[in-house]
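The values are calculated or read from the model by the stated rules, or taken from the named source; none is laboratory data. What you see is a predicted model, and the numbers here were worked out from it, not measured in a lab. Positions of Cβ are generated from backbone atoms using ideal geometry, with glycine treated the same way; all protein chains shown enter the neighbour counts.
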Ligand SMILES: Nc1ncnc2c1ncn2[C@@H]1O[C@H](COP(=O)(O)OP(=O)(O)O)[C@@H](O)[C@H]1O
Ligand SMILES: Nc1ncnc2c1ncn2[C@@H]1O[C@H](COP(=O)(O)OP(=O)(O)O)[C@@H](O)[C@H]1O
Ligand SMILES: [Mg+2]
Ligand SMILES: [Mg+2]
Ligand SMILES: [Mg+2]
Ligand SMILES: [Mg+2]
């Protein structure tokens, strides 16, 4: 499959809608093990992103991804702003000047994005963060089994965070009290992959 | 009837017990149309009074009444402290050096006490204050119909404050919103007369 | 209601002990009876300023004791005015030979107790003047009420008169200035919720989900009326208009605008109200030249706000700006 | 939960506008992105101190902008760290040619955003140092957590480093002093109730009638554990002991004791806790020589308290005593 500028655009618009639709749920997940703002943070950031996309109309996948990353960084704040921002910025670097991405190209972009998140946040799988959803999803993308499978892996990764103790972010203060709650970042990451599969 | 030092002592001890027993009720009445402390104020004051009575053992009715008045003034604060304090101080002045009071003497004392309250607080009957209970009770005492009748009049005076608008004290801020609540000071005054009738 | 206390009867005593430990360079605390005096009291040759009232309004008044403000504060039990002997002892302790000014908020209890104290002091040969503060426009000022309550203007009067006394003004001058501050100031407040007296453990009133007390007193006394919660700008305007009309404040008046948190109100909300209040004042043609925002006259843990507007003249402005060094207000030193 | 706001999305913007109106002589407020700078910024030849974090902790940090403390503060959305470009612009606006110190509370969001801002500034040729504050002993400091949170020591570090910067210390010196304050300070807090984010309208957690969160964070994050409410003296001791043991503080150490209200806690209760805390410190053999009591680092309308103990050396004491002129802390000027 080929991923056009239009496809990427739809992906981001879908993400904005999903984060708004799940705003209260993401806040509630974050209230349980963090500070209750993850949904508000992403809704604020992606609203800004969609405004910018409509105003700037980037001409290449790289420009689009960069614009998403820069806007998230400058409008989200919190932990998730720099992390998701870096995800898109690093993806943009790999996209180069291609006018559309193929399966391998998309996989490489998102892999670079994930690597950026991990470089910045130092989280490993199992730390109960967004990495737990992103990492298995990006892994299967490399195997070219399709976006729906990647989304499926992200959801599984999200669910796998429920029994975990957190080692990164605010939830790490809680020790055993974090057990039993899905990580908000892993939940938003799985929504992002849901949109990639059905933008 | 003759009112000995012992009688007066019992009166005050009874009052202390009544104010403690009705502490929450007096606070609740005061919360409805004032600041919710009338019961606490009187309980604090009369506790101190009884301590002092036991320590000092005043030798005359005048000395006893004076000690009660001084102690209330120095330990109650609020509006009711100076008012009840003055009541007892003025009564003490009239008691002179008698070793016991007769009916007429008691009536004169309490009349002087009431006059002191009115001089200080400028309240007239109908202003929804302690004066509404004290005034009818003191009036009938002059007619020597007995203490139970005086207590009965005090209770009627207390009940008569329920439909009133207040013109003095904190309840006067409320205008029509004070209607429907008995005045806390009229309520404590009727307890004081209950104790006088059955110390 | 949960509170950080040990025993209900010990609240005021222990809080005062805490203050004494926290501000050893500024104040001294006297026990039995309770009063707070500035560390260098008595200041000979200076008019002594004494105020007081029920506890539960902190930092008022104890937090305003120090150079350039009060010489002594008399804290009563929670929401209960102090007693005459307490006021007498405090006044005697700070009297510097130039007389004592009592700054009294207009509540029956405060007025009567300060009056008795003044009589005691006068019979001891101490010259005493009292100024009764009554700036709360929420209350009708009529023969049929105890008169308007003293609220926010008290803080301003204590600061301004403290400046004047420090500068050597006479008792008559300081008393006249205090009356003039009172006559030039108007206030009004509202509560979003009740306060809980730690001595009784009782909430002062109960409000519906969406209800506020408009025209609240500072002791949890019910206010003028209950109304539904509205946006901060609307509520601020509803407080400002009766204040503006009452004096009345006129175009080009120079004013001090004081937005006061009632205890549990976050600064974010106080700033939002301050913004709206200054906008209303400016629209009304006033020149806001001095400002105070913060929780200076509280009702324990009550959520809510009060607004005070003071028309400034040059003397008031000068003494407002004068140095002050107290636990709660401090500048210039 | 009732709040004095207009629109949830406008809370921070309007509060900042209120601050700008309230303190025209001390600060300037920049909109889009939000930051607060001292009125006389940039101060050439002085190291610039910049801090920031989520809003909702007022007066921290904006209330600490001014002479002798911060040059700029960057307020994020409520409880959300500011963004890199916000921090970059604020830092650039106050840079006086001697470099910029970022004082950052240890939360993943704050650390990452300040780190990105520092990279942007460095690529513009501005020398930047960051000190991460992590004084909260409630959190285990281990490889398996994000590390200890930055809490009350931040207020002390901002004051002390502000004094040093004002006195002409170099960027390296101010950064070293900041690290040393952080290394010498420990804190812990507890909450009696949740806070309500005005942007979401949600309470941060629900507690039973008689339950408290022990070891609370300042964003309504759940604490170490839930325990039943106990007398103030007991709770204070329970906060003090882990603080004392952790550094550890030793007999004859000279300390600054800071008792901080979390927002809705009346001063009466803060004084009661201060009393107990100083008694524990003294019993432990410490010499309490400097004190701070008040609501300086809050969590909106949370009821609760935190305690910070800082071991003072002569430099810290000197710069703590140095003049400061900000909306929330002021002395000597
Ligand atoms: N070091 C980290 N690496 C990767 N993800 C992280 C890290 N720290 C936090 N996160 C993610 O960020 C999410 C929280 O984001 P958000 O609530 O927006 O920020 P904040 O914690 O600053 O309020 C967590 O649920 C987690 O998935
Ligand atoms: N001017 C007055 N004259 C007579 N009684 C008064 C006056 N003002 C108040 N009172 C009485 O005092 C009572 C309130 O006493 P209390 O609650 O102890 O004092 P405070 O109002 O200062 O809290 C009122 O219920 C009323 O009966
Ligand atoms: Mg969060
Ligand atoms: Mg009362
Ligand atoms: Mg009272
Ligand atoms: Mg956050």
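Residue count for the range B:34-75, restricted to those that are within 12 Å of ligand 5 (Cβ to nearest atom) and in a helix (DSSP H, G or I): 6. Tell me yes or no: at least one residue of the range C:92-108 is within 14 Å of another protein chain (Cβ to nearest Cβ), assigned to a loop (DSSP other than H, G, I, E, B) and crowded, with 24+ Cβ neighbours inside 10 Å. Yes: one or more hits. Among the residues of the range C:1-25, the one identified as facing chain D (nearest Cβ under 7 Å), more than 24 Å from residue D:287 (Cβ to Cβ) and assigned to a helix (DSSP H, G or I) is C:11. Residues considered: C:68, C:54. Of these, the only one that is touching a residue at least 60 places away in the same chain (Cβ under 8 Å), within 19 Å of residue C:88 (Cα to Cα) and in contact with a strand residue (DSSP E or B) (Cβ under 8 Å, 6 or more places away or on another chain) is C:54.
Taking the condition of being surrounded by fewer than 24 Cβ atoms within 10 Å (Cβ to Cβ), more than 7 Å from chain C (Cβ to nearest Cβ) and touching a strand residue (DSSP E or B) at 6+ places or on another chain (Cβ under 9 Å), how many residues in the range D:264-293 meet it? Selection size over the range D:264-293: 8.
Here is a yes/no grid of residues against (1) over 27 Å from residue B:21 (Cα atoms); (2) in contact with a helix residue (DSSP H, G or I) (Cβ under 6 Å, 6 or more places away or on another chain):
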| position | (1), (2) |
| --- | --- |
| B:120 | yes, yes |
| B:132 | no, yes |
| B:164 | no, no |
| B:171 | no, yes |
| B:181 | no, yes |
| B:192 | no, yes |
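Within the range C:31-41, is even one residue within 16 Å of ligand 5 (Cβ to nearest atom), within 18 Å of the chain's Cα centre (by Cα), within 13 Å of chain D (Cβ to nearest Cβ) and part of a strand (DSSP E or B)? The answer is no, given that none of the residues of the range C:31-41 is within 16 Å of ligand 5 (Cβ to nearest atom), within 18 Å of the chain's Cα centre (by Cα), within 13 Å of chain D (Cβ to nearest Cβ) and part of a strand (DSSP E or B). Applying the condition of being surrounded by 24 or more Cβ atoms within 10 Å (Cβ to Cβ) and either out of contact with any helix residue (DSSP H, G or I) (no Cβ under 7 Å at 6 or more places or on another chain) or not assigned by TED's automatic domain parsing to the domain that holds residue C:281 (or both) to the range C:216-242 and asking which residue is nearest to residue C:186 (Cα to Cα) yields C:239.
Out of C:153, C:165, C:176, C:138, one residue alone is under 20 Å from the mean Cα position of the chain (by Cα) and at pLDDT below 95. It is C:138. Scanning the range A:169-199 for residues that are part of a loop (DSSP other than H, G, I, E, B) and at pLDDT below 95 yields A:169, A:198, A:199. Residue-level analysis places residue B:169 among those that are on the phi > 0 side of the Ramachandran plot, buried (at least 17 other Cβ atoms within 10 Å of the Cβ) and within 16 Å of ligand 2 (Cβ to nearest atom). For the range C:54-69, the tally of residues that are closer than 19 Å to residue C:151 by Cβ, within 14 Å of chain D (Cβ to nearest Cβ) and crowded, with 24+ Cβ neighbours inside 10 Å stands at 10. Summed over the range D:293-333, the residues that are over 30 Å from residue D:231 (Cβ atoms) and assigned to a strand (DSSP E or B) give a count of 4.
Of all the residues in the range A:20-39, those that are surrounded by fewer than 24 Cβ atoms within 10 Å (Cβ to Cβ), without any contact (Cβ under 8 Å) to a residue 12 or more places away in the chain and either near ligand 3 (Cβ under 8 Å from one of its atoms) or facing another protein chain (nearest Cβ under 10 Å) (or both) number 1.
Against the list (1) buried (at least 24 other Cβ atoms within 10 Å of the Cβ); (2) more than 16 Å from ligand 1 (Cβ to nearest atom); (3) over 16 Å from the mean Cα position of the chain (by Cα), the condition residue D:123 fails is (1).
Mind checking which residues of the range C:255-264 are under 17 Å from residue D:297 (Cβ atoms) and more than 13 Å from the chain's Cα centre (by Cα)? Selection gives C:264 alone.
Taking helices (runs of 4 or more DSSP H) as the structural unit, those lying wholly within the range B:76-163 and holding at least 1 residues that are more than 10 Å from ligand 2 (Cβ to nearest atom), surrounded by fewer than 24 Cβ atoms within 10 Å (Cβ to Cβ) and within 14 Å of chain C (Cβ to nearest Cβ) correspond to B:80-95, B:103-121.
Identify the residue in the range D:251-263 that is over 16 Å from residue C:59 (Cα atoms) and assigned to a strand (DSSP E or B) and, among all such residues, is farthest from the other protein chains (Cβ to nearest Cβ). Checking each candidate, the answer is D:254. Does residue B:180 fit the bill of being at positive phi and within 16 Å of ligand 5 (Cβ to nearest atom)? The answer is no for residue B:180.
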